[in-house]
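*Asks:* Below is a structure I'd like to ask you about.
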Amino acid sequence: MVALCHPSLHLFFYPSSNFRSSFYSPYKTPISLPKLCASLIAREEVPEAEEPPLPSSLRGVDRKPSSIPEGAVTPLSVDFNAWYLDVIAKAELADYGPVRGTMVIRPYGYAIWEAIQEYLNAKFKETGHSNMYFPQFIPYSFIEKEASHVEGFSPELAVVTIGGGKELEEKLVVRPTSETIVNHMFTQWIQSYRDLPIMINQWANVTRWEMRTKPFIRTLEFLWQEGHTAHATAEEAEKEALQMIDVYKKFAYEQAAIPVIAGRKSKAETFAGASCTYTIEAMMGDRKALQAGTSHNLGQNFSRAFETQFTDENGERQHVWQTSWAISTRFVGGIIMTHGDDTGLMLPPRLAPIQVVIVPIWKKGNERIGVLSTAASVEQILKSAEIKVKIDNSEQRTPGWKFNFWEMKGVPVRIEIGPRDVANGSVVVSRRDVPGKLGKDLGISMEPSVLIAHVKSTLEDVQASLLQRATLFRDRNIVDVSSYEELKEAISEGKWARGPWSASDVEEQKVKEETGATIRCFPFDQPEGSKVCFMTGNPAEEVAIFARSY
């Protein structure tokens, strides 16, 4: 297996912090137009580049251009992959594990995942699902029962053959996904239509032996949630699959500020063992697509393989209809690559482990106590409003260093408090997404009602502007095409291509081989009117989106 290809992340050292996760109310405040315009400055176009693994002799060697200052990240326009790995290292999100292809998620990175968990867990329970847990080890014979499933996952399986010093009678698979073991248990739990529906979810780790890895995006082991449901009818299963992809879409828009496109996968891209796969596709900063979440209508494929049956109201034996759906720590990588800039990470406030950082500033020793005391008061005011806030009162670093450090970590809002602010009873509020003076609000009163209202309004503005900027970036990089030549041109420019499609799987494979692009989805939102397939000239009912992807 190929090793992760970048200088060892643990070569970088930064001070540690404590983190806490909570939530604040949805944004409603209009965005300041000048600040929104500033936050929507166009990204530099990022050249498409391959990401080959480094030779073993060079792993752990800094390959950044020597012109990049210490503490900075590689610019996105120079090397997007290097930028991404720099941000992960310097924002203290993750480090490489001792086994090739694994990663250690550091506290700050895990706090982002906890915020994702917190929101989704509540939504799962609101929609009638219960959490439970299935074993990590699955008998190999289970995997073999569903033909397309074993074919699809066989290259990625991690298999245990020895346990307790003895060779096992049957090989065990380390969980790549849980459809097989879930069906084994469903067969024991389901006897009658009265036992349906079953609607469960588990938060777990998964192992897939990936050959090309990238932290958060594709690793040998990752964290996810996987939902599994069983129903009496095909209609109920389809409704469930669509409901859960909508939960994911709303999460992406409202919490992560990522304007995903929801739709149906092509037959070639459908999950192994599913009848239909629904997806949310996100455009990253380098314009590659990221499959950010999926929901599968499994039909009766697994229930027939495992003989998962129930007696219906007429006394007839029927196979259950099933779904499965998942989002993983890959979404953390999606947040990094959607919102980050040359300064580092940029987090949407609703998922940020720290929403506000307070930086006390003083020069003279007799100013220190007053500034720190005021900063502590401001901290308590914001905490009382359930805003996630931290004071950086360390004395080993300059205020400028702290500004850069917390900008690197993507904290949405910074509050600066100096001796003059203490005297005036005010603070300076700075936005992460709007650089320079335009992003600063001077003389904001420390009076609790005024300060809380202003900070909440600013957080809401940042959340909304990140979504707006990402949406504009996405929309200007999707090209409508009416011929194969136009598709090839769009893909060669690194953009997404959208056009009518009714061609065969063979022609879909041809597009992939010749351009590197795949059908990301047939969007739910389809244009009206007659359509002609750009590949064959035959009538088409839908447009498809093609893109290169992670």
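The values are calculated or read from the model by the stated rules, or taken from the named source; none is laboratory data. Just so it is clear, the structure is predicted and the values come from calculations on it, not from any experiment. Note: ideal-geometry Cβ built from the backbone for every residue, glycine included; neighbour counts use all protein chains shown. Please note that ligands, DNA and RNA were not included when accessible areas were found on the heavy atoms of the full protein model with its side chains. Shrake-Rupley method; radii C 1.70, N 1.55, O 1.52, S 1.80 Å.
*Asks:* Is it the case that some residue within the stretch 303-310 is at pLDDT 95 or above, of a type in the set (Gly, Ala, Ser) and touching an Asp or Glu at 6+ places or on another chain (Cβ under 6 Å)?
*Replies:* Within the stretch 303-310, none of the residues are at pLDDT 95 or above, of a type in the set (Gly, Ala, Ser) and touching an Asp or Glu at 6+ places or on another chain (Cβ under 6 Å).
*Asks:* So, residue 94, is that one in contact with a Pro (Cβ under 7 Å, 6 or more places away or on another chain) and open to solvent by less than 30 Å² (accessible area, probe 1.4 Å) or not?
*Replies:* Answer is yes for this residue.
*Asks:* Quick one: count up the residues across the stretch 105-138 that are closer than 25 Å to residue 248 by Cα, among the β-branched types (Val, Ile, Thr) and assigned to a strand (DSSP E or B).
*Replies:* Final tally of qualifying residues: 1.
*Asks:* Looking only at the stretch 488-508, how many residues end up being over 21 Å from residue 77 (Cβ atoms) and touching a helix residue (DSSP H, G or I) at 6+ places or on another chain (Cβ under 7 Å)?
*Replies:* Adding up the residues that qualify gives 5.
*Asks:* Within the stretch 139-197, considering only helices (runs of 4 or more DSSP H) that don't extend past its boundaries, which have at least 2 residues that are open to solvent by less than 50 Å² (accessible area, probe 1.4 Å), touching a strand residue (DSSP E or B) at 6+ places or on another chain (Cβ under 8 Å) and over 21 Å from residue 209 (Cβ atoms)?
*Replies:* Output list reads 179-189.
*Asks:* Next question, about the same structure. For the stretch 210-226, which positions are touching an Asp or Glu at 6+ places or on another chain (Cβ under 9 Å) and assigned to a strand (DSSP E or B)?
*Replies:* If the condition is that a residue be touching an Asp or Glu at 6+ places or on another chain (Cβ under 9 Å) and assigned to a strand (DSSP E or B), then 214, 218, 226 are the ones that fit.
*Asks:* Which residues, counting only those in the stretch 459-481, are of a type in the set (S, T, N, Q) and more than 17 Å from residue 523 (Cβ to Cβ)?
*Replies:* Listed by number, the residues that qualify are 463, 465, 468.
*Asks:* Do you know which residues across the stretch 175-229 are within 24 Å of residue 243 (Cβ to Cβ), touching a residue at least 12 places away in the same chain (Cβ under 8 Å) and aromatic (Phe, Trp, Tyr)?
*Replies:* Correct list: 186, 193, 203, 224.
*Asks:* Now for a different question. Given the criterion closer than 27 Å to residue 281 by Cα and outside any loop (DSSP other than H, G, I, E, B), identify the matching residue among 337, 346.
*Replies:* Result: 337 is the single residue among 337, 346 that is closer than 27 Å to residue 281 by Cα and outside any loop (DSSP other than H, G, I, E, B).
*Asks:* Regarding residue 329, is this residue in contact with a strand residue (DSSP E or B) (Cβ under 8 Å, 6 or more places away or on another chain) and within 25 Å of residue 217 (Cα to Cα)?
*Replies:* yes
*Asks:* Confirm whether residue 119 is open to solvent by less than 70 Å² (accessible area, probe 1.4 Å) and under 30 Å from residue 93 (Cα atoms).
*Replies:* Yes; evaluated as a whole, the condition is true for this residue.
*Asks:* Right, something else. Here is a list of conditions, (1) open to solvent by 20 Å² or more (accessible area, probe 1.4 Å); (2) free of Cβ contacts under 8 Å to residues at least 60 places away in the same chain; (3) not in a loop (DSSP other than H, G, I, E, B), and residue 293 meets all of them except one; can you say which number that is?
*Replies:* Failing condition for residue 293: (1).
*Asks:* Further question on the same structure: Please go through the stretch 241-282 and pick out each residue that is polar (S, T, N, Q), within 16 Å of residue 227 (Cα to Cα) and surrounded by fewer than 23 Cβ atoms within 10 Å (Cβ to Cβ).
*Replies:* 243
*Asks:* Output the residues belonging to the stretch 386-424 that are hydrophobic (A, V, I, L, M, F, W, C) and out of contact with any strand residue (DSSP E or B) (no Cβ under 8 Å at 6 or more places or on another chain).
*Replies:* 401, 405, 422, 423 - these are the residues of the stretch 386-424 that are hydrophobic (A, V, I, L, M, F, W, C) and out of contact with any strand residue (DSSP E or B) (no Cβ under 8 Å at 6 or more places or on another chain).
*Asks:* On to the next question. Can you confirm whether residue 485 is farther than 18 Å from residue 269 by Cα, open to solvent by 10 Å² or more (accessible area, probe 1.4 Å) and either charged (D, E, K, R) or not in a strand (DSSP E or B) (or both)?
*Replies:* Spelling it out, residue 485 is indeed farther than 18 Å from residue 269 by Cα, open to solvent by 10 Å² or more (accessible area, probe 1.4 Å) and either charged (D, E, K, R) or not in a strand (DSSP E or B) (or both).
*Asks:* Residue check: is residue 503 in a helix (DSSP H, G or I) and surrounded by fewer than 22 Cβ atoms within 10 Å (Cβ to Cβ)?
*Replies:* Here the answer is no, as residue 503 does not meet what is asked.
*Asks:* In the stretch 350-378, how many residues are closer than 24 Å to residue 106 by Cβ and in contact with a strand residue (DSSP E or B) (Cβ under 7 Å, 6 or more places away or on another chain)?
*Replies:* 6
*Asks:* Scan (1) under 28 Å from the mean Cα position of the chain (by Cα); (2) in a loop (DSSP other than H, G, I, E, B); (3) of a type in the set (D, E, K, R); (4) surrounded by fewer than 20 Cβ atoms within 10 Å (Cβ to Cβ) for the single condition residue 383 breaks and write down its number.
*Replies:* Failed condition: (2).
*Asks:* Mind listing whichever residues of the stretch 209-218 are closer than 23 Å to residue 180 by Cα and open to solvent by less than 40 Å² (accessible area, probe 1.4 Å)?
*Replies:* 210 - this is the single residue of the stretch 209-218 that is closer than 23 Å to residue 180 by Cα and open to solvent by less than 40 Å² (accessible area, probe 1.4 Å).
*Asks:* I've got another one for you. If you go through the stretch 311-359, how many residues are touching a residue at least 24 places away in the same chain (Cβ under 8 Å), in contact with a Phe, Trp or Tyr (Cβ under 8 Å, 6 or more places away or on another chain), open to solvent by 10 Å² or more (accessible area, probe 1.4 Å) and more than 18 Å from residue 289 (Cα to Cα)?
*Replies:* 6
*Asks:* Identify the residue in the stretch 511-538 that is under 15 Å from residue 549 (Cα atoms) and charged (D, E, K, R) and, among all such residues, is least open to solvent (accessible area, probe 1.4 Å).
*Replies:* 520
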